[in-house]
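The values are calculated or read from the model by the stated rules, or taken from the named source; none is laboratory data. The structure displayed is predicted, hence computed values, not measured ones. Heads up, the Cβs are rebuilt from the backbone with ideal geometry, glycines too, and the neighbour counts pull from every protein chain shown.
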Amino acid sequence: MKEIRELIVRFATENSSWGYCRIQGELKGVGHRVAKTTIANVLKENGIKPAPDRPSSWRSFLKAHWGEVAATDFFSVEVWTPGGLRTYYVLFLIELRSRQIHVAGITTNPDGDYMAQIARNLTDVVDGFLRNDRFLICDRDTKFTAQFKRILKDAGVE
């Protein structure tokens, strides 16, 4: 019985969205028949809350959505031009599942209009880099404008 209790705790802690029924099904899949009330009691004894109240971690989120997550950020490059030293901002993305890198754009002025166009390019249904992704991780840089985020959200990217 100790092995089953350990499995219940492990399933619940590693998969914060799994409820009693899901844990029961997974246990059945590995050859253990356990009642939902037993699962509830084991979780309660170990201080683990029911699924909707269980905190989720970045690790479990990424594990659950690995195939549909991309991340983005800027880096800057200083370039000598005939007009002097100029700063160029490079927006890049990485797709977590394939680790494919995509340079979305390079500009000296990443304003709202520029970022809106980038968002439209990224979510294009034919060849947009984010067409197969549901989540985009980005920081709180003001370059990621509300319009940029709205265009992504309208295309199904959170």
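Which condition from (1) free of Cβ contacts under 8 Å to residues at least 60 places away in the same chain; (2) more than 30 Å from R5 (Cα to Cα); (3) surrounded by fewer than 14 Cβ atoms within 10 Å (Cβ to Cβ) is the one that D139 breaks?
Single failed check for D139: (1).
What are the pairs, 6+ residues apart or on separate chains, where a residue within the stretch 20-32 that is modelled with pLDDT of 90 or more has its Cβ under 7 Å from a residue that is assigned to a helix (DSSP H, G or I) and of a type in the set (F, W, Y)?
Final answer for the pair search is none.
Looking at this structure, is T87 closer than 30 Å to G25 by Cα, over 16 Å from the mean Cα position of the chain (by Cα) and either outside any loop (DSSP other than H, G, I, E, B) or not small (G, A, S) (or both)?
Working: closer than 30 Å to G25 by Cα: no; over 16 Å from the mean Cα position of the chain (by Cα): yes; either outside any loop (DSSP other than H, G, I, E, B) or not small (G, A, S) (or both): yes.
The answer is no for T87.
Would you confirm, using the coordinates I've provided, whether K149 is touching a Pro at 6+ places or on another chain (Cβ under 8 Å), of a type outside the set (D, E) and surrounded by 13 or more Cβ atoms within 10 Å (Cβ to Cβ)?
For K149, the condition - touching a Pro at 6+ places or on another chain (Cβ under 8 Å), of a type outside the set (D, E) and surrounded by 13 or more Cβ atoms within 10 Å (Cβ to Cβ) - is not met.
Taking the condition at pLDDT 85 or above, more than 30 Å from R131 (Cα to Cα), assigned by TED's automatic domain parsing to the domain that holds L130 and not charged (D, E, K, R), does L85 pass?
So L85 fits the description; yes.
Have a look at N41, N15 and point out the one that is modelled with pLDDT of 90 or more, outside the structural domain of R140 (by TED's automatic domain parsing) and surrounded by 13 or more Cβ atoms within 10 Å (Cβ to Cβ).
Going through N41, N15 in turn, just one is modelled with pLDDT of 90 or more, outside the structural domain of R140 (by TED's automatic domain parsing) and surrounded by 13 or more Cβ atoms within 10 Å (Cβ to Cβ): N41.
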